[in-house]
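The values are calculated or read from the model by the stated rules, or taken from the named source; none is laboratory data. The model shown is predicted, which means the values in this text are computed figures rather than measured ones. Every residue, glycine as well, gets a Cβ built from its backbone with ideal geometry; the counts of neighbours run over all protein chains shown.
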Amino acid sequence: MTAKRRPRPVHQLTSAQFEAMFPVGNEEACQRYLVARRWPKGIVCPRCGNAELYDHSSYKPFHWQCRACAPQGYRFSCIAGTIFENTNKPLRDWFKVTHLMLTSKKGMSALQIMRFMGFGSYKTAWGMCHKIRAALVEPEIKLGGIVEVDETWVGGKDYNRHWDKKRGGRGGAGSGKVPVIGAVQRKGNVIARVLDRVTTESAEWFIKEMISDKVSLIATDEAGVYHRLAKNGHPHKSVNHETGRYVIGAVHTNTIEGFWSIFKRGIVGSFHKVSKKYLPLYVAEFQFRYNNRFNDDIFGTAIENC
């Protein structure tokens, strides 16, 4: 199959640019864009990777058949194997919801998506948003250079709880909040994961899995879960916020705290309440937007991952 030319990258599509690229009622424009993003080197079977396909586009646009998968042949379309498969929403609606989620720095709730798109069901908008978030989960990478590590807690304030549901404390174990640990490379990417508990073992596991052995510095605060890092051979330095010291040369956690600021404001301001079950998907959404802040084609990257 001939390769499709990849669409011109446009950093953070404006509403006008989106409407020009994908006019209302023009599903073919969305299908062409999806094909070009999925198969820039030529269309292949999503099951076996076979490139020798029978093209049925003459009577059924954007449909192909692979004879290598089954005796009768495997017939598939451009949405086969994507989050758009087996849904009754047009491809343009999926693109528009993705665009709205990516252009909202602090996220957009499913209720707001429902109102904006005119969906008749909150469940429809909620399901679409979660499928898109799942597609935005990035493959694990190793951070290098100077890396900051910190943890935060997600949940309602204790003084807002009913008297018989108060846990005590602003955060930490026993507060009823959900811990999230994160690491960010200076001027680079961020990685964040939801934890059951913040312990020395869980923090060390996160650092071992997400940070390169050749890292030049791991900067943290004074939390006790990081005290064994230097003994384990990591180039670790910390700042003690309780004494009013926030920066000691290159040692600070300002970058990761900046990410937490965006994340927490999104959770409180846009979503208001997020359950522990689905919190990893929201973390993935904020992580994707942060890591692609300099990407010339963030929308195209998201569609490619779908």
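Annotation note: Cβ proximity below 6 Å between a residue of the stretch 207-222 that is farther than 22 Å from PRO139 by Cβ and a residue that is in a helix (DSSP H, G or I) (sequence gap 6+ or interchain) occurs for THR220/TYR226; ASP221/HIS241. Residue check: is ILE207 in a helix (DSSP H, G or I), closer than 13 Å to VAL147 by Cβ and of a type outside the set (Asp, Glu)? The answer is yes for ILE207. Across the stretch 232-256, what is the number of residues that are out of contact with any Asp or Glu (no Cβ under 6 Å at 6 or more places or on another chain), in a helix (DSSP H, G or I) and either β-branched (Val, Ile, Thr) or surrounded by 19 or more Cβ atoms within 10 Å (Cβ to Cβ) (or both)? Total satisfying the criteria: 1.
Report, by residue number, each residue of the stretch 258-291 that is free of Cβ contacts under 8 Å to residues at least 12 places away in the same chain and within 22 Å of VAL184 (Cβ to Cβ). GLY258, SER261, VAL268 - these are the residues of the stretch 258-291 that are free of Cβ contacts under 8 Å to residues at least 12 places away in the same chain and within 22 Å of VAL184 (Cβ to Cβ).
Of all residues in the stretch 34-46, at least one satisfies being small (Gly, Ala, Ser), buried (at least 17 other Cβ atoms within 10 Å of the Cβ) and either closer than 28 Å to ARG293 by Cβ or assigned by TED's automatic domain parsing to the domain that holds LYS131 (or both). So VAL180 passes all but one of these: (1) within 16 Å of PHE271 (Cβ to Cβ); (2) at pLDDT 95 or above; (3) not acidic (Asp, Glu); (4) not in a strand (DSSP E or B). Which condition number does it fail? The number of the failed condition is (4). Number of residues in the stretch 257-270 that are touching a helix residue (DSSP H, G or I) at 6+ places or on another chain (Cβ under 9 Å) and surrounded by fewer than 19 Cβ atoms within 10 Å (Cβ to Cβ): the value is 2. Charged (D, E, K, R), assigned by TED's automatic domain parsing to the domain that holds TRP153 and surrounded by fewer than 15 Cβ atoms within 10 Å (Cβ to Cβ), is that true of LYS214? The answer is yes for LYS214. Residues in the stretch 113-148 that are of a type in the set (S, T, N, Q) and touching a residue at least 12 places away in the same chain (Cβ under 8 Å): THR124 alone. None of THR200, THR220 is buried (at least 19 other Cβ atoms within 10 Å of the Cβ) and in contact with a helix residue (DSSP H, G or I) (Cβ under 7 Å, 6 or more places away or on another chain) except THR220.
Just give me the residues in the stretch 257-282 being in a helix (DSSP H, G or I), of a type outside the set (Gly, Ala, Ser), over 27 Å from SER238 (Cβ atoms) and in contact with a Ser or Thr (Cβ under 8 Å, 6 or more places away or on another chain), in sequence order. Within the stretch 257-282, just PHE271 meets the criteria.
Scanning the stretch 258-281 turns up no residue that is farther than 23 Å from CYS129 by Cα and over 19 Å from the mean Cα position of the chain (by Cα). Just a yes or no: is a residue in the stretch 40-51 closer than 24 Å to VAL97 by Cα and modelled with pLDDT under 95? Yes, there is a match, as at least one residue in the stretch 40-51 is closer than 24 Å to VAL97 by Cα and modelled with pLDDT under 95.
Hey, can you tell me all the residues within the stretch 49-103 that are surrounded by 15 or more Cβ atoms within 10 Å (Cβ to Cβ) and at positive phi? The answer is PHE62, and nothing else.
Residue pairs whose Cβ atoms lie under 7 Å apart, sitting 6 or more positions apart in sequence or on different chains, and linking a residue in the stretch 226-241 that is closer than 15 Å to GLU201 by Cβ and not assigned by TED's automatic domain parsing to the domain that holds THR253 to a partner that is assigned to a loop (DSSP other than H, G, I, E, B) and of a type in the set (Ser, Thr, Tyr), do not occur here.
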